[in-house]
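S.K.: I have a structure here, written as structure tokens, and I will follow up with some questions on it.
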Amino acid sequence: MERTSAGGQHVRRGIAVQRHVTRVVATLLVSALAAIAASCTFGDEDRGANIDGLGSSLSKIRRLARNEGALRLVSLPGYAEADWTEPFVRETGCRIEATTETDPAKIVNLVGDGDYDGVSAPGEVAGELIESSDVAPLAVRLVPNYEQVQDGFVRTAHASDGGPYGVPIGRGPNLLVYRTDAVPGGTDSSQLLWDVTPTLTGRLSLPDDPMLIADAALYLMSARSGLGIVDPYQLNEPQFRAALALLRKQARHVGEYVQPGDATRIDSFRSGESAVGIARPAEVEAMLAEKIPHEAVKPVEGTTGWSDTWMVYARAANPNCMYLWMDYAVSAQVQAQIAESTGQAPANVGACDLTQAEGHCAALHADDEAWWGDVYYRTTPLEDCDDPSRGETCKTLEEWQAAWAELRG
């Protein structure tokens, strides 16, 4: 875990989030004798606007932010780099302290401790933070740049039935990647990962991540439709057991399980030690730069993906700086920088006009919602299956993590 401080330095972004609330507004009715106070309730775009100390308008937020302390963020890597945090500090006067963390359980604990104003939440914990009321719904009216977020992001973990929780950072797919000299004729099916031929034994390279259970479940959605899987992240007992059985069968063919961003993975594909895997677009770009003979495709069965979110802590000590940060983080200029540096498609489609690489958004189908239609974004595995009407009990994130630890030994 890494912490950086900035008066104009590193910031690891945090995203604003809001909760359903009723705000009381005094309306003065002047008469010859007295003033009468009345109250009213804001509409949906004011959900979450009642965080203690949060200004009621953007101008008030800017003014109040000047007197707040350091904006404290829990951030995933790569989301609060100096190239875009330093201009924010100069513009707003909000000093920044950021803690970098990748472990989902630690992210949840850090936010729950109450010492932070916001978090860049991965999809697998966003639902847990919402359910625990540790983060607040977004008062959309106070985040002008949110209007530029593409409609397709309503399917990501930052959204709920009542409206958004925070601002999306971007999105990306998990791609099937293989060396072309190891898979003659090529393929566009994830069967390559799950029904492994002898020539590929020991040459699979996969993420060391409990969410790989969702990839197995997604394959089973079509390969064993009788299981009735409708959401690869919400699995009942039989579905969960089937996914784990498939992973155990696959494990004997795996040459390496790797952590996100592990550069040695590219080395193993270069040498031919690894030939097939699941990769993020940034890793595919690295293979291209290394001139590794490969193909990367979205499988015909669909694929898993991710969309991280800046969320605001429900009891933030510096809510005005956090709201300014959320609006800044979803602006076209910052989205362009983050999209290119992390290999994602931006949430703000206006960012596509500002990327340095002309084809960045086209390569990632940034504004092609049909392409994203069979990408299943990470969400939190919940006991109520994220759908109480199913009348079932599903496995929780904690159970996924325990099962993965047991599988990995």
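Each reported figure results from applying straightforward, stated rules to the coordinates on display, with no laboratory input. Only a predicted model underlies this, so the values are computations on that prediction, with no experimental measurement involved. Reconstructed Cβ throughout: ideal geometry from the backbone, glycine too, with neighbour counts over all protein chains shown.
S.K.: Treating cross-link reach as a plain straight distance, find the aspartates and glutamates whose alpha-carbon is under 18 Å from the alpha-carbon of Lys395, omitting any fewer than eight places away in the same chain.
M.R.: Cross-link targets: Glu124, Glu128, Glu131, Asp209, Asp215, Asp231, Glu237, Glu383, Asp384, Asp386, Asp387, Glu406.
S.K.: Ratio of Rg to Rh for the stretch 307-364, alpha carbon only, Kirkwood?
M.R.: Working: Rg = 13.1 Å, Rh = 12.2 Å.
That ratio is 1.07, to two decimals.
S.K.: State, as an integer percentage, the relative contact order of the chain based on alpha-carbon contacts under 8 Å between residues 6 or more apart.
M.R.: 25 percent
S.K.: According to the Cα gyration tensor, what semi-axes, each the square root of 5 times an eigenvalue, does the equivalent ellipsoid of the stretch 146-189 have, listed from largest to smallest in whole Å?
M.R.: Largest first, the stretch 146-189 gives 36, 10, 8 Å.
S.K.: Rg and Dmax of the stretch 256-409 over Cα atoms: what are they, in angstrom?
M.R.: Both quantities, over Cα of the stretch 256-409: 18.9, 52 Å.
S.K.: When the Karplus curve 6.51 cos²θ - 1.76 cosθ + 1.60 is applied with θ = phi - 60°, which whole-Hz ³J(HN,Hα) does each residue of the stretch 131-143 get, with x for Gly and Pro?
M.R.: 5, 7, 6, 6, 10, 10, x, 8, 7, 4, 4, 9, 10
S.K.: Taking the mean number of other Cβ atoms within 10 Å as a proxy for protection, how do you rank 61-68, 332-339 from highest to lowest?
M.R.: 332-339, 61-68
S.K.: Moving on. Taking N as the number of residues in the stretch 185-289, what value does Rg over Cα atoms divided by 2.2 N^0.38 Å take? Please list the in-between numbers first.
M.R.: Numbers: Rg = 14.3 Å, N = 105, 2.2 N^0.38 = 12.9 Å.
Compactness ratio reported: 1.11.
S.K.: For the chain, what Kirkwood radius comes out of the mean inverse Cα-Cα distance, in Å?
M.R.: 22.2 Å
S.K.: Roughly how many Å is it from the Cα centre of the stretch 120-143 to that of the stretch 244-263, as a whole number?
M.R.: A separation of 31 Å, based on Cα centres.
S.K.: Let me ask you something else. I need the P(r) histogram for the stretch 228-290: all alpha carbon pairs, bin width 5 Å from 0 out to the longest distance, whole percents.
M.R.: Spelled out per bin, shortest first, that is 4, 14, 21, 16, 14, 15, 10, 5, 1.
S.K.: Are there any GluC sites (Glu not before Pro) in the stretch 258-295 that are in a DSSP loop and have at most 15 other Cβ atoms within 10 Å? List them by number.
M.R.: For GluC sites (Glu not before Pro) across the stretch 258-295 that sit outside H, G, I, E and B with at most 15 neighbouring Cβ atoms in 10 Å, the list reads Glu273, Glu290.
S.K.: In what order do Tyr328, Tyr257 fall by count of nearby beta-carbon atoms within 10 Å, going from fewest to most? Mind showing how you got there, number by number?
M.R.: Values: Tyr328 23, Tyr257 17.
If I rank by nearby Cβ atoms, fewest first, I get Tyr257, Tyr328.
S.K.: Nearest 20 debye, what's the magnitude of the dipole of the stretch 106-165 about its Cα centre given +1 on Lys and Arg Cβ and -1 on Asp and Glu Cβ?
M.R.: 180 debye
S.K.: Moving on. Rank Trp325, Tyr377, Gln344 by how far each Cα sits towards the positive end of the charge dipole of the stretch 319-388 (+1 on Lys, Arg Cβ; -1 on Asp, Glu Cβ) and give me just the farthest.
M.R.: Trp325
S.K.: Right, something else. What size of dipole, in debye to the nearest 20, comes out for the stretch 106-237 about its Cα centre when the only charges are +1 on Lys and Arg C-beta atoms and -1 on Asp and Glu C-beta atoms?
M.R.: Dipole size: approximately 440 debye.
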